[in-house]
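Following: one structure in C-alpha cells, then a few remarks.
Just so you know, all these numbers are worked out from the coordinates, no wet-lab data involved. This is a predicted model, so every value here is computed, not measured. We place every Cβ from the backbone using ideal geometry, glycine too, and count neighbours over all the protein chains shown.
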Amino acid sequence: MAFTPFKKKVWLSSPTMHGDELNYMKLAYDTNWMSTLGENLNQIEQLLCEKIGCNCAVPLASGTSALHMAVKLADVRRGDRVFCTDMTFGATVNPVVYEGGEPVFIDTERDTWNMSPEALEKAFELYPDVKVVILAHLYGTPAKIDEIQAVCDKYGAILIEDAAESLGASYKGKQTGNFGKYSAISFNGNKIITGSAGGMLLTNDFEAADRVRKWSTQSRDVAPWYQHTEIGYNYRMSNVIAGVVRGQLPYLEEHIAQKKAIYERYRDGLKGLPVQMNPFDKENSVPNYWLSCLLIDKEAMCRQARTECEADFWEEPGKSCPTEILTKLARLNAEGRPIWKPMHMQPIYSDKEFVSVGEDVGADIFARGLCLPSDNKMTIDTQDKIIEIVRSCFD
Ligand SMILES: *Cc1c(COP(=O)(O)O)cnc(C)c1O
C-alpha cells in the first residue's frame with residue numbers, strides 16, 4: 001500500500017504548551033527575578049514535594065546534573081563500582097564516571113524492561129561491597145522496585161532512582177522518585193512535562209538537599225567574600241525555566257492520560273501482528289506511558305544488520321524489523337526511535353563489566369524493539385495511519 005507523507009512531522013515526543021507557561025515566564029521578567037531565585041522556583045519546589053510525597057526537591061539545570069549531585073551525595077569515589085541500569089539513556093550512568101566511579105551494567109528483565117533483580121543479586125555476589133545502585137524507570141514504566149530494594153538492603157547499598165522518564169508514574173501507590181535515597185527527575189524538552197530544560201534532585205534528607213543547594217551554586221561558604229572549601233558547580237535552575245515548569249505541572253495528569261490513550265490505541269490497533277507492547281506490572285504499577293514501544297516476535301523478524309552507526313534490512317513477506325518500520329515511518333515524516341542502545345553495547349563503555357543471568361536480554365530487546373511516535377498532540381487519524389504503516393511492514 002502506498003501512503004502519502006504526513007504534512008506536519010509526527011514527533012516521538014515534543015513539548016506541549018498550554019499558555020500558563022508564558023504567564024509565569026513573564027512574571028519572572030516583570031518582577032526582575034530573572035536569575036536563580038524567585039517565586040517560580042519556590043513554587044515548583046513545593047509542588048513537586050507535594051506531588052512526589054518527598055521532603056525536598058532542589059531545582060537544577062538538568063536531570064543529568066541532578067544525577068551528578070545524587071552520585072556525589074552517595075559518596076562515589078574514584079575506582080568505586082556502581083551497579084547501573086544497562087538499558088537506559090547515557091545520562092543515567094555518565095555522572096558515575098564524572099566522579100571517577102566504575103559503572104557495572106546490570107542486565108534487563110523482560111517484565112518491565114528495567115534492571116533485573118536476579119542480575120543485580122548476581123552482581124552483588126561478585127562484588128558484595130558495592131554501596132550504590134542506580135535504577136532507571138525506562139519509558140515511564142516503574143521497575144521491580146521492591147525486589148531491587150530488597151537486594152540493596154541485603155547488601156547495605158543505597159538506591160539512586162533515575163525517574164527522568166517516569167514523572168507521575170507510581171508503584172504500589174507511591175510516586176517514582178520517592179524510592180531512592182536520592183532521586184532525579186528531568187524537565188528536558190522530550191519528557192512528559194518540560195521546562196524547555198531543567199531537572200530536580202528529590203530526597204527526604206534535608207541535610208542532603210542543603211548540600212546540593214550549596215554545591216550547585218558554586219559551593220560558596222558563608223563568608224564576607226567568595227570562600228570555598230568544596231568544589232562547586234553552576235547547576236541551579238533559572239527562575240524563567242521554573243516558570244515553564246510551573247505552568248506545565250497542572251497538566252501532568254492530562255499528558256499522562258493522553259499518553260495512556262496513545263498506548264492503548266497502539267495496543268488495540270496492532271492486535272493480530274506478531275508484536276507486543278512495552279510491558280508493565282499491571283498489579284503493582286501505573287506507568288506514565290511516556291513512550292509507546294513495540295517488541296517484534298523472534299519468528300517474525302526479517303533480516304536486519306546493524307554496524308556501530310548504520311542499519312539496514314531485507315524485506316520478507318510476513319516479517320519485519322525495527323529498521324524497516326523506522327525507515328518507513330521516517331520516509332513518511334514520522335519519528336520513531338530504536339530502543340535505547342544498552343550501555344554495555346556502547347563504544348564508550350565497552351571496557352566496563354556487564355552482569356546478566358543467561359542470555360543478554362538488553363541486546364535482544366534492542367534488536368527487536370522500537371519506540372513508536374508517542375507525541376501527545378498526535379490526532380487519532382494520524383495515529384490510525386501510523387498503525388496502518390506498521391501493519392503494512394508485516395505484509
Ligand atoms: C532525559 C534523561 C536523563 C537526563 O535528563 P536531562 O534533563 O536531559 O539532563 C537522565 N536519565 C534518563 C533515563 C533520561 O531519559
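Here segment 292-352 and segment 5-80 have alpha carbon centers that stand 32 Å from each other.
When the chymotrypsin sites (Phe, Trp or Tyr not before Pro) in segment 128-183 are filtered for DSSP coil states and for at most 13 other beta-carbon atoms within 10 Å of their beta-carbon, no site remains.
Counting only Cα atoms, segment 12-98 measures 49, 32, 25 Å along its principal axes, largest extent leading. Would you work out if segment 20-251 is rounded, prolate or oblate? Take a ≥ b ≥ c from the square roots of the eigenvalues of the alpha-carbon gyration tensor; rounded if a/c is under 1.5, else prolate when a/b is larger than b/c, oblate otherwise. Cα axes put segment 20-251 in the oblate bin.
To the nearest ten degrees, helix 39-52 and the longest principal axis of the Cα atoms of the chain are 60 degrees apart.
Antiparallel beta bridges, as assigned by DSSP with both residues in the chain, represent about 60 percent of the total such bridges.
Once the Cα atoms are used to define both axes, helix 206-216 deviates from the longest principal axis of the chain by about 80 degrees. Of the residues Lys8, Lys191, the one with the fewest other Cβ atoms within 10 Å heads the list, and the complete ranking is Lys8, Lys191.
Using the Cβ of Arg306 as centre and a radius below 10 Å, the other residues enclosed give a net charge of -2, where K and R count +1 and D and E count -1.
Values of log10 I(q)/I(0) for the chain across q = 0.13, 0.14 Å⁻¹ run -1.09, -1.24, by the Debye formula with one identical scatterer at each alpha carbon and no solvent. Computed from the alpha carbon atoms alone, the convex hull of segment 317-370 holds 97 Å³ per residue. Comparing Ile158, Ile134, Ile241 in a Gaussian network model of the chain, where Cα atoms under 10 Å apart are tied by springs, the biggest mean-square fluctuation is seen for Ile158.
Simple spin-label estimate for Ser35 and Arg77 gives 3.6 nm between the two label positions (7 Å along the Cα-to-Cβ direction from each Cα). Between helix 117-126 and the chain there is an angle of about 60 degrees, using the helix long axis and the longest principal axis of the Cα atoms. Comparing Pro279, Pro103, Pro347 in a Gaussian network model of the chain (Cα springs below 10 Å), the most mobile by mean-square fluctuation is Pro347. Counting beta carbons within 10 Å around each of Lys282, Lys259 and listing the fewest first gives the order Lys282, Lys259. Within the chain, the longest run free of GluC sites (Glu not before Pro) that sit in a DSSP loop with at most 14 other Cβ atoms within 10 Å is 1-229.
Once C-alpha pairs closer than 8 Å and six or more residues apart are averaged by separation and normalised to the residue number of segment 170-277, the relative contact order reads 21 percent.
Look at the alpha carbon pairs under 8 Å that are at least 6 residues apart: their mean separation over the length of segment 90-248 gives a relative contact order of 13 percent. Short-range pairs are left out: with C-alpha atoms under 8 Å and at least six residues apart, the relative contact order of segment 252-392 is 28 percent.
In plain terms, the chain from Arg331 to Lys174 could stretch by 52.4 nm, reckoned as 0.36 nm per residue minus the Cα-Cα distance. Helices in the chain, meaning DSSP H runs of at least 4 residues, each add -39500 (n - 2.57). Divided by all residues, the mean residue ellipticity at 222 nm is -10000 deg cm²/dmol.
In terms of its C-alpha gyration tensor, segment 252-392 comes out oblate, because a/c is 1.5 or above while a/b does not outweigh b/c.
When Trp33, Trp290 are sorted by how many other C-beta atoms sit within 10 angstrom of their C-beta, beginning with the fewest, the order is Trp33, Trp290. Expressed as a fraction of 2.2 N^0.38 Å, the value expected for a compact globular protein of N residues, the C-alpha radius of gyration of segment 250-330 is 1.32.
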